[in-house]
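See structure below.
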Amino acid sequence: MKTAFVFPGQGSQFTGMGKKLYEVNKEVQDIFHASNDILGFDIQSIMFDGTEEELKRTDVTQPAIFIHSIAILTANKTEITPQMVAGHSLGEFSALVANKSLDWKDALSLVHKRALAMQSACLLTKGTMAAILAMDDNKVDEICKSIDGIVVAANYNCPGQLVISGEESAVLKACEVLKENGAKRALLLPVGGAFHSPLMEPARTELASAIASTQFNTPICPIYQNVNAMATSDPQIIKDNLIAQLTAPVRWTTSIQNMSNDGATLFYEVGPGKVLSGLIKKISPVADTKILEEMV
């Protein structure tokens, strides 16, 4: 029996995120104030009182979700220590703070650079993403390969839920063909670009140099990374996987399966929302899930 910490990514943000923790915890207040300095803008005000549109901007969303997760970790007085960690896309950076691979300030600086690089890449080519429901992963992959243009599997979230990503025209065409071939639904997502697709190559190149110059430590427990869903504690492999993640799919289903196979029976979700807990229940129905913020 092992305990795992999992961290959400983009899409879990909401107005008011982190505010309750801020009001009662001096260490959390310090994190928000330091974050404003690192980012160069008042993210605290946007997180607490911003509109949905403001929070949805990639350059705001990514650091906001990261900061919320770190605030929960900091406020955690339960003395629960993870024996393995994983993060969904952006959440991988939070996971690397939890297992002591990264200092949180260095991680936030990388998250900020990642968000800006991804936002810039989004402006180069019109891209989008879509959730495909109730279709076999292999069938989705096969159909995407048959479409003209760039469209690929981006997030293997759980059995029967896969997100595709790519050029807007190719994604729209793929949605049509997928529905014709039995997909229950093909829902366009309200995102600004084609994340985890070849269209993020300019961002990957930009982030690579920032990651290369950042100090990564040997972690206290393994991380199951998105790119290959495998456990690692090697700082260089962690770096390489973190860079590759921008243009590669998030293998969340396999990550949770591998964590369960390696003994994880209790998963704490650390961050805004409960999306990952729902996915984990679909991947590993016997797993127990808890929301760490509800315990601090």
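The residues of segment 130-177 that are under 21 Å from Ser255 (Cβ atoms) and assigned to a loop (DSSP other than H, G, I, E, B), listed by number, are Met135, Asp136, Pro159, Gly160.
The helices (runs of 4 or more DSSP H) found entirely in segment 197-283 that carry 2 or more residues being in the same structural domain as Gln62 (by TED's automatic domain parsing) and in contact with a Cys (Cβ under 8 Å, 6 or more places away or on another chain) are 252-261, 275-283.
Set side by side, the residues Ser35, Ser12 differ, and just one is in contact with a helix residue (DSSP H, G or I) (Cβ under 8 Å, 6 or more places away or on another chain), in a loop (DSSP other than H, G, I, E, B) and either surrounded by 20 or more Cβ atoms within 10 Å (Cβ to Cβ) or free of Cβ contacts under 8 Å to residues at least 24 places away in the same chain (or both), which is Ser12.
Scan segment 45-52 and tell me whether some residue there is in a loop (DSSP other than H, G, I, E, B), within 16 Å of Val270 (Cβ to Cβ) and out of contact with any Phe, Trp or Tyr (no Cβ under 6 Å at 6 or more places or on another chain). Among the residues of segment 45-52, not one is in a loop (DSSP other than H, G, I, E, B), within 16 Å of Val270 (Cβ to Cβ) and out of contact with any Phe, Trp or Tyr (no Cβ under 6 Å at 6 or more places or on another chain), which makes the answer no. Given the structure, is Ile67 among the β-branched types (Val, Ile, Thr), touching a residue at least 60 places away in the same chain (Cβ under 8 Å) and either part of a helix (DSSP H, G or I) or more than 26 Å from Met259 (Cβ to Cβ) (or both)? So Ile67 does not fit the description; no. Residues considered: Asp148, Asp137, Asp141. Of these, the only one that is surrounded by fewer than 21 Cβ atoms within 10 Å (Cβ to Cβ), more than 24 Å from Lys184 (Cβ to Cβ) and in contact (Cβ under 8 Å) with a residue 12 or more places away in the chain is Asp148.
The values are calculated or read from the model by the stated rules, or taken from the named source; none is laboratory data. All of these numbers come straight from a predicted model, not from anything done at the bench. In this analysis, Cβ positions are derived from the backbone assuming ideal geometry, glycine residues included, and neighbour counts consider all displayed protein chains.
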